[in-house]
Amino acid sequence: MKDPLPFDHRADPALGKALREALDPGDAGAFTARVMALAGQVRVPSWDAVLARWARTGVAAAVVVSLAAGYLVGRATAGPPAAVRPTVSDVLIAPPAHPGEVEVVLASVIGNN
Amino acid sequence: MADLPSQPAQEVARIPQQDEAELVARAVAGERAAFGVLVERYAGVARRVARAVLGNPEDADDAAQDAMLSALVKLGQYDARRPFGPWLLRIVANAATDRRRRRSVRRVEPLDVGLTAGGPRPDTTAQRRALSERLRQALAQLPERRRMAVVLFDVEGYSHAEIAPILGIPEGTVRSEVFHARRRLRVLLADWKEGG
């Protein structure tokens, strides 16, 4: 084992060999067989399934976006709310919107007389 | 297939990327034999890395197995432009770390003074076994990340740059972790160094 240097980018073969022996798991075949037996029970998402999942997400996003866009466009193009048509009594009872105009009209009528 | 030995260390890290991308594509398409080849290739390194984290070989095998199956489920997410090994080993490292966190905390046995302060040279099988035990104990005293870094670097032959994404740390930190791990192991194995 060599003295390690702080920036040594080479593996230490002696240390590596000793560590490898220390961590040797043994019986690779049994492990592989065990994993493969369990892998047979795992459902692997295929490309189709992945794409289908993305497609579902895409469709949902498109629906949300189109609804939002429709709402915004509708709000922008719609005019002001329709005015409620006043009844005759409303007109008679309500004070004049522009009292000054009435006085001018009356004054001109009186003046002409 | 099941009887084949796992790929030797150092060689696993050098498997052509194109070959592995093709194997992954075939595995995703449902060809279990292709996945089997990947398992064979990486079983050794996955189990060693898990054992470096967990210590206990049974726990390590469970973690490595979980990681392999998790990788199978996530194969569709693998970016074929990148090397497969680091992608898989990141899953292994996470699986081992998660298992270590989940399991009941085991007391770390203090190092045997007789083992750390000298002893016979590992000329015989028994002595080599003692050396391995000493190394495992020495590893157990290192921080988890440091353990994985030195195993990936010195045992498995990955570069600092390749280890960085596996451990999710900067390359400079990997360099530092490897350096400190080696220094610690060197101190604990000083007697073996003289003999070896």
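We did not get these values from a lab; they are worked out from the coordinates using the rules stated. Note that the structure is predicted; figures quoted are calculated from it, not measured. Every residue, glycine as well, gets a Cβ built from its backbone with ideal geometry; the counts of neighbours run over all protein chains shown.
Miscellaneous remarks
- R0 of 51 Å, Cβ-Cβ distance residue B:183-residue A:38: FRET efficiency to nearest 0.05: 0.80
- The mean count of C-beta atoms from other chains within 10 Å of the C-beta of residues in B:69-77, rounded to a whole number, is 4.
- Residue B:33/residue B:80 FRET efficiency (R0 25 Å; Cβ-Cβ; nearest 0.05): 0.85
- Cβ neighbours within 10 Å from other chains - mean over B:149-160: 5
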